[in-house]
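Read through the structure below, which is laid out as structure tokens, and then see the notes.
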Amino acid sequence: MKKTVYAALACLGLLTSAAQAQSVRQCATVENLQAQLAADPSLAARRAAIEAQAQAYVSGKSNDAQRTNAVITIPVVVHVLYNTSAQNISDAQIQSQLDVLNQDYSKTNSDYTKTPSAFAGLVANVGIQFVLAKQTPTGAATTGIERKQTSTTSWGTNDAMKKASTGGLDAWNSSKYLNLWVCNLSGGVLGYAQFPGGAAATDGVVILTTAFGKGGSAVAPFNLGRTATHEVGHWLNLNHIWGDDGTACTGTDNVSDTPNQADENYGTPTYPNPSCSNTSDMFMNYMDYVDDAAMYMFSTGQSSRMNALFATGGARVGLLTSVGGTAPGGGGGTTPTYCASKGTSVSYEWIDLVQLGSINRTSAANAGYYDGTASSTTLAAGSAQTIYYSAGFASSAYTEYWKVYIDYNQNGVFTDAGELVASRSSNVSTTLSSAFTVPSTAKNGATRMRVVMSDASATTSCGSYSYGETEDYTVNITGGLRTSESAKATLADYKLFPNPTSDVLNLVLPSNHKAGDVQVEVLDARGASMKQVRYDGSGMLEVQQLPAGVYTLRLKDGDTVVHQRFVKQ
């Protein structure tokens, strides 16, 4: 019996929710499944079929060869429900959670090296990556983040947060997106997930606000983003590593390479920690209950079980054809549609000056939003710029939070790396200034600049907020590496090998083209440029410094622009 007295008391509900939330991990996934099974008699048969498909895939008895190299990218939508401003987590905290998921599911987390030698050979690169959605199910541009202020102070595990009709936010198409709800869960629960096979309207993962991502509202010992890693594991059909059988040693997680263990582990155990006649529990596995800092691996068997979902007949195979992670129009010339941003009140403060290049506008209040896209200025890629701005106040000067964004890659969102060009606060009406440099990789042509001034520090590039104002303008980029992508060559004209690769890619051009004339850029799943890649101008691209994952090679050869995906092992 490895449970501490403290943990046992927690299971009996004898501790306050605050103490539970801060001291021991509690996952309500199994309880949620039991409630769904009771409410839907057909779910048991669906779960049995999913299990049979998983076992056939893992054993090699299915028609699908086990996936070894291809990396799956899953679009994610984050639904933030907040009662207090502290619960309205920032875009940066959300991105930190995506970063943790991408590291943990690709074995690029730095702490996997802590795995004891007995299990070190089992640490798996699952081959799954996650990216914030760039288009909605209806094809509109999005940041992949929804926010809603609610009068609900805490939520249970009955899925109420997943429905607008009960005060929450509705799920997006769960066959094409991973839905993550972030809210204040009650009862000390850190999170829960829905196993594959459940109702589409409630499919996804729920995470406690104080256990989501890094920084911001995240509270130790659950402040490293591992609660989402654990719960997404459930969403990808993993069971708790001890098999949820109490201490009987008769349960199973349906994975062959995880040792049978008596029950869950808490805190930060020391290896070895044996039970059920094993040498040691695999307590550092993401599917145990240890603290965030003490879990850092999936096993090879768990990886195979998750990948079964994306084989023929797999319960999550629809994600393979999702376009949710691609901006509307795919960068092929379609004018982006930007999310709305507006202050609901300008009774006390508003933007009264924006000046950048030939844009120079002074104004009174504009009902929370001003469309200044008819005004424009030209910015050269690589140039140093200074933007000036100031606030107007009705009487008293309040602290205002300023954020300026430029959509450098013209994909309709402001969340890509480097697109927040200014961020500061001030409680004066005098003119402020911020310096920034236009990236050399910015895409040529007209794009959107957004200036947001709000009395709330958590306000981002999208959505409504209480007091303040948003103004949009147009900037024209010249001299950038990213030119108009209307001229497309066929992939057959440009060859890239080996693919997958671990260190070097070789680029073969049409016979009348020179490798030295080509401009090469590598983009990650978010569209961010990977600066650590070296192209020597001879057709050889060094990628050994990249983390494992799926990338896009963008090649500009004269007026021709070609995109090709490759896998870094």
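Whether a residue is more than 30 Å from residue 561 (Cβ to Cβ) and without any contact (Cβ under 8 Å) to a residue 12 or more places away in the chain was assessed, and residue 366 does not pass this test. Scanning region 278-296 for residues that are surrounded by fewer than 23 Cβ atoms within 10 Å (Cβ to Cβ), in contact (Cβ under 8 Å) with a residue 24 or more places away in the chain and over 18 Å from residue 190 (Cα atoms), we see that the one that is nearest to the chain's Cα centre (by Cα) is 280. Residue 399 meets the conditions (1) closer than 20 Å to residue 464 by Cβ; (2) surrounded by 19 or more Cβ atoms within 10 Å (Cβ to Cβ); (3) not small (Gly, Ala, Ser) in every case but one. The failed one is (2). Taking every residue in region 402-418 that is farther than 14 Å from residue 461 by Cα and pairing it with any residue that is in a strand (DSSP E or B), at least 6 positions away or on another chain, the pairs with Cβ-Cβ distances below 7 Å are 408/443; 408/447; 409/443; 409/482; 410/443; 410/445; 410/447.
All of (1) at pLDDT 95 or above; (2) over 34 Å from the mean Cα position of the chain (by Cα) hold for residue 358 with one exception: (1).
Conditions (1) in contact with a Phe, Trp or Tyr (Cβ under 9 Å, 6 or more places away or on another chain); (2) assigned by the TED database to the domain that holds residue 147; (3) over 30 Å from residue 227 (Cβ atoms), marked per residue:
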position: 265; (1), (2), (3): yes, yes, no
position: 269; (1), (2), (3): yes, yes, no
position: 297; (1), (2), (3): yes, yes, no
position: 305; (1), (2), (3): yes, yes, no
position: 314; (1), (2), (3): yes, yes, no
position: 317; (1), (2), (3): yes, yes, no
position: 326; (1), (2), (3): no, no, no
position: 349; (1), (2), (3): yes, no, yes
position: 359; (1), (2), (3): yes, no, yes
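Mind checking whether some residue in region 81-101 is in contact with a strand residue (DSSP E or B) (Cβ under 8 Å, 6 or more places away or on another chain), surrounded by fewer than 17 Cβ atoms within 10 Å (Cβ to Cβ) and part of a loop (DSSP other than H, G, I, E, B)? Among the residues of region 81-101, not one is in contact with a strand residue (DSSP E or B) (Cβ under 8 Å, 6 or more places away or on another chain), surrounded by fewer than 17 Cβ atoms within 10 Å (Cβ to Cβ) and part of a loop (DSSP other than H, G, I, E, B), which makes the answer no.
Checked against the criterion of being assigned by the TED database to the domain that holds residue 196 and free of Cβ contacts under 8 Å to residues at least 24 places away in the same chain, the candidates 133, 39, 141, 118 yield just one match: 39. Put simply, of 492, 435, 456 the only residue that is surrounded by fewer than 19 Cβ atoms within 10 Å (Cβ to Cβ), at pLDDT below 85 and of a type outside the set (Val, Ile, Thr) is 492. At least 3 residues being under 25 Å from residue 310 (Cα atoms), of a type in the set (Val, Ile, Thr) and within 19 Å of the chain's Cα centre (by Cα) is the threshold, and among the strands (runs of 3 or more DSSP E) wholly inside region 154-257 those reaching it are 205-208. The condition (being more than 20 Å from residue 106 (Cβ to Cβ) and touching a residue at least 24 places away in the same chain (Cβ under 8 Å)) is satisfied by just one residue among 234, 230, 240: 240. Taking the criterion of being outside any loop (DSSP other than H, G, I, E, B) and either within 19 Å of the chain's Cα centre (by Cα) or under 11 Å from residue 72 (Cβ atoms) (or both), the residues of region 318-331 that qualify are 318, 319, 320, 321, 328. Within region 252-277, being among the β-branched types (Val, Ile, Thr) and touching a residue at least 24 places away in the same chain (Cβ under 8 Å) holds for 255, 258, 268. Note on region 263-306: residues that are more than 12 Å from residue 119 (Cβ to Cβ) and in a strand (DSSP E or B) total 0. Among the residues making up region 105-143, those that are closer than 30 Å to residue 462 by Cα and not hydroxyl-bearing (Ser, Thr, Tyr) are 128, 129, 130, 131, 132, 133, 134, 135, 137, 139, 140, 141. One residue alone among 347, 390, 322 is surrounded by fewer than 16 Cβ atoms within 10 Å (Cβ to Cβ) and of a type in the set (Gly, Ala, Ser), and that residue is 347.
Checked against the criterion of being more than 21 Å from residue 60 (Cα to Cα) and either at pLDDT 95 or above or not in a loop (DSSP other than H, G, I, E, B) (or both), region 309-317 contains not a single residue that satisfies it. Among the conditions (1) surrounded by fewer than 17 Cβ atoms within 10 Å (Cβ to Cβ); (2) farther than 18 Å from residue 420 by Cα, residue 372 misses just one, which is (1). Restricting attention to region 353-368, the residues that are within 19 Å of residue 422 (Cα to Cα) and touching a Lys or Arg at 6+ places or on another chain (Cβ under 9 Å) add up to 3. Note on region 106-125: among residues that are surrounded by fewer than 16 Cβ atoms within 10 Å (Cβ to Cβ) and at pLDDT below 95, the one that is farthest from residue 270 (Cα to Cα) is 108. Note on region 135-153: among residues that are surrounded by 18 or more Cβ atoms within 10 Å (Cβ to Cβ) and outside any loop (DSSP other than H, G, I, E, B), the one that is modelled with the lowest pLDDT is 141. Among the residues examined, residue 17 does not qualify as modelled with pLDDT under 95, touching a helix residue (DSSP H, G or I) at 6+ places or on another chain (Cβ under 8 Å), of a type in the set (Gly, Ala, Ser) and not assigned by the TED database to the domain that holds residue 91.
The values are calculated or read from the model by the stated rules, or taken from the named source; none is laboratory data. As the structure is a prediction and not an experimental result, all values here were calculated from the model. Every residue, glycine among them, receives a Cβ derived from its backbone with ideal geometry; neighbour counts consider all protein chains shown.
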